[in-house]
Amino acid sequence: MDSPSAGSPLARPRRRLPKLTTRRLALGAVVLSPLVLASCQLPTFGGYRGATKQAVDANKLWQGFFITGLCVFILVAFLILWAVLRYRRRSDKIPAQTQYHTLFEIIYTVVPIVMVLVLFYFSVVTENSVDAVPASNVQVNVTAFQWGWRFSYPGHNVTVIGQELQNPTMVVPVGENVHIVLRSSDVIHGFYVPEFNFSRYALPGVTNQFSFNVNHAGTFRGQCTQLCGLYHSLMIFQVKAVSPSAYEAWLAQNSTSASTTAYHANSSTVQGGSS
Ligand SMILES: [Cu+2]
């Protein structure tokens, strides 16, 4: 369509259309993105909102990272599209070269560094909050073994054991710091509760400690996340968060029995199927 006699500058005015389009695109992006981001509640972007104080913090960090990544993606995609459309080839003439533009170079060096520093700062703050082990009246010693879990409550003579098809339930009080002392008696296992946004290795010969504070009552599924042998897939457990009074009652009810005799806090936790 264009005549190849492109040397003449008179053949230019038609090029205004893409410029307008890209401006509209830019305007649309600028107007729409805050509206989308400000809509009532931020999406979880595939994560969990979090059933513990620590999990909520982790989720906020995840949302921050995701939104930052999204903004970078939108900006980069827009710049690519804009460059492709606005500066597409019109002739064999070499366009004006703009390398060594000091201001641009400073901006695209400094802005990513600032972004990384900000993300790093929030990562450290969140990590410190998730890893903190505050003083607590509630302690559960968790021992992972092939292929099950033992939850014992020091000072209360209560132990819950479940293996393979008997899934044990760890009962904890809502709104209190629960101090977990995690060990393994054989190979490497992983203590993972998806709704707590938390996972930690249970390593033989190593004692790992962490704390969580469940923010609402409920039963949360947990499982081993480390391929630990034949029945790894059966290493499932529950964390059941109940009111502090119900927790005390449960302890009192179970502590009369000798240690290592309680199996599940609730018979409803047994999975179907037979071995
Ligand atoms: Cu395991």
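Scan segment 203-215 and give yes if some residue there is at pLDDT below 95 and among the polar types (S, T, N, Q), otherwise no.
no
Within the set of pairs 6+ apart or on separate chains, which have a first residue in segment 120-134 that is not assigned by TED's automatic domain parsing to the domain that holds Ile180, a second that is at pLDDT below 95 and of a type in the set (S, T, N, Q), and C-beta atoms under 9 Å apart?
none
Hey, among Val56, Val116, Val142, which residue is β-branched (Val, Ile, Thr), assigned by TED's automatic domain parsing to the domain that holds Gly229 and under 25 Å from the mean Cα position of the chain (by Cα)?
Val142
Across segment 217-232, what is the number of residues that are of a type outside the set (Phe, Trp, Tyr), open to solvent by 50 Å² or more (accessible area, probe 1.4 Å) and within 9 Å of the ligand (Cβ to nearest atom)?
4
Give the number of residues within segment 142-166 that are of a type in the set (A, V, I, L, M) and within 16 Å of the ligand (Cβ to nearest atom).
Counting residues in segment 142-166 that are of a type in the set (A, V, I, L, M) and within 16 Å of the ligand (Cβ to nearest atom) gives 4.
Quick one: in segment 233-258, which of the residues that are hydroxyl-bearing (Ser, Thr, Tyr) and closer than 26 Å to Arg200 by Cα is farthest from the ligand (Cβ to nearest atom)?
Looking at the filtered set, the residue picked out is Ser243.
When segment 142-180 is examined, which residues are found to be among the polar types (S, T, N, Q), at pLDDT below 95 and not in a loop (DSSP other than H, G, I, E, B)?
Within segment 142-180, Thr159, Gln163 qualify.
Take the residues in segment 167-185 that are within 15 Å of the ligand (Cβ to nearest atom) and out of contact with any Leu (no Cβ under 7 Å at 6 or more places or on another chain), then tell me which one is nearest to Lys240 (Cα to Cα).
Pro168
For segment 186-199, which residues satisfy the criterion of being in a strand (DSSP E or B) and within 13 Å of the ligand (Cβ to nearest atom)?
His189, Gly190, Phe191, Tyr192, Ser199, listed by residue number.
Going by the conditions given, is Tyr153 within 22 Å of the chain's Cα centre (by Cα) and outside the structural domain of Gly64 (by TED's automatic domain parsing)?
For Tyr153, the condition - within 22 Å of the chain's Cα centre (by Cα) and outside the structural domain of Gly64 (by TED's automatic domain parsing) - is not met.
The values are calculated or read from the model by the stated rules, or taken from the named source; none is laboratory data. All figures in this text were calculated on a predicted structure; none of them were measured in a lab. Quick reminder, even Gly has a Cβ in these numbers, built from the backbone with ideal geometry, and neighbours come from all protein chains shown. Only protein heavy atoms, including side chains, enter the accessible area calculation; ligands, DNA and RNA are left aside. Shrake-Rupley method; radii C 1.70, N 1.55, O 1.52, S 1.80 Å.
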